[in-house]
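FYI, it's all coordinate maths here, none of it is from the lab. Just so it is clear, the model here is predicted, and its values are computed rather than measured. Here the Cβ positions follow ideal geometry from the backbone for every residue, glycine too, while neighbour counts run over all protein chains shown.
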Amino acid sequence: MLLAIDVSNTTIKTGVFDGDRLVAHHRLASDRARTADEYGLTLTGLVAESGVSRDAVRGVSLSCVVPQLRAVFVDVARRYFRQDPLVIGPDSRLGVALDVDHPREVGADRIVNAHATYARVGGPAIAIAFGTATVFDCVTGDGRYVGGAIAPGMVTSLESLAQRAAQLFQIELVAPPRAIGTSTVTTMQSGLVYGFAGLVEGLVARLSAELGGTPRVIATGGLAEIVAPVTRAIHTVEPHLTLEGLRLLHELHHA
């Protein structure tokens, strides 16, 4: 079995694959202060609770955009699962070519999502990750990753509003019944949910014009399922796109 680990700025997503089947997945808070022992005990406990022995884990595939935690999770893989992890980066063997100005600046999660998107739908294609930031990644028809766009995330925007505006506060991120809000809650929900839908539509249109053709648009991340129903710009929601990409890259490296 394969343990896939995606470490982002806000959350850590893990998945256990039996072949190409995702048999368990979990989310943890990303905490730079936690040690390898703390994460190791947590992960082995979650894996065991899913009915998988840690001795059954025969590979670890790791994506990490938090430099302070990269060595921590390499240590977790080696000491707790007895595996040398595949750590994804610009020098990894990839299914897409990094055709950007500075390949080493491309985050591992963007590389993984681009690979998974191209493997799933071919190109041209756009992957949108709704997380701490809203990240758009573009792949051409001939399999070149050519960059994209990064915008603030929905939760980041909400937190900024709640912190900086004296009369605004944290709300539930759901689509309101109408775009014209009639209360503080529904006006904020409209601005965030429909506003981000408009952001998606505008950027997808611009990116598509530059990519050419008719790109398929895949969305992932915890908030994708909130935005996708209110825009036609997103064709598919793949909640575990990054974990799937980690699996595919591990297969590519061990083919």
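Laid out as a table, the results:
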| read-out | value |
| --- | --- |
| Segment 97-246 - charge dipole about Cα centre, Lys and Arg +1 at Cβ, Asp and Glu -1, debye rounded to 20 | 280 debye |
| Long-range tail of P(r) for segment 2-87 (Cα pairs > 17 Å, %) | 38 percent |
| Over 28 Å [Cα-Cα, the chain], rounded percent | 37 percent |
| Of Gln189, Leu62, Val135, farthest towards positive along the dipole that unit charges on Lys, Arg, Asp, Glu beta carbons give the chain | Gln189 |
| Dipole magnitude of the chain, debye to nearest 20 (Cβ charges: Lys/Arg +1, Asp/Glu -1, about Cα centre) | 100 debye |
| Size of charge dipole - segment 2-87 - debye, nearest 20, with Cβ of Lys, Arg +1 and Asp, Glu -1, no other charges | 120 debye |
| For segment 208-255: relative contact order, % (alpha-carbon pairs under 8 angstrom, 6 or more apart) | 33 percent |
| Percentage relative contact order, the chain, counting C-alpha pairs under 8 Å, at least six apart | 18 percent |
| With Cα atoms, 0 to 90° folded angle of helix 154-164 axis to the chain main axis | 60 degrees |
| Cut-off under 5 Å, modelled amide H: who pairs with Val237 long-range | Ala219 |
| Per-residue HN-Hα couplings for segment 137-149 [Karplus 6.51, -1.76, 1.60; θ = phi - 60°; Hz; x = Gly/Pro] | 10, 10, 10, 7, x, 9, x, 9, 7, 10, x, x, 8 |
| Of all DSSP beta bridges in the chain, antiparallel share, percent nearest 5 | 60 percent |
| Whole-Hz ³J(HN,Hα) from phi, Karplus 6.51 cos²θ - 1.76 cosθ + 1.60, for segment 70-86, glycine and proline x | 4, 5, 4, 7, 5, 5, 4, 4, 6, 8, 9, 10, 6, 10, 7, x, 7 |
| Order by protection proxy (mean Cβ within 10 Å, highest first), peptides 76-86, 213-223, 30-40, 129-139 | 129-139, 213-223, 76-86, 30-40 |
| Charge tally in the Cβ shell below 11 Å around Arg27, where Lys, Arg are +1 and Asp, Glu are -1, Arg27 excluded | 0 |
| Ranked packing of 151-161, 16-26, most packed first, by mean Cβ within 10 Å | 151-161, 16-26 |
| Mean separation of Cα contacts under 8 Å, 6 or more apart, over the residue count of segment 52-196: relative contact order % | 14 percent |
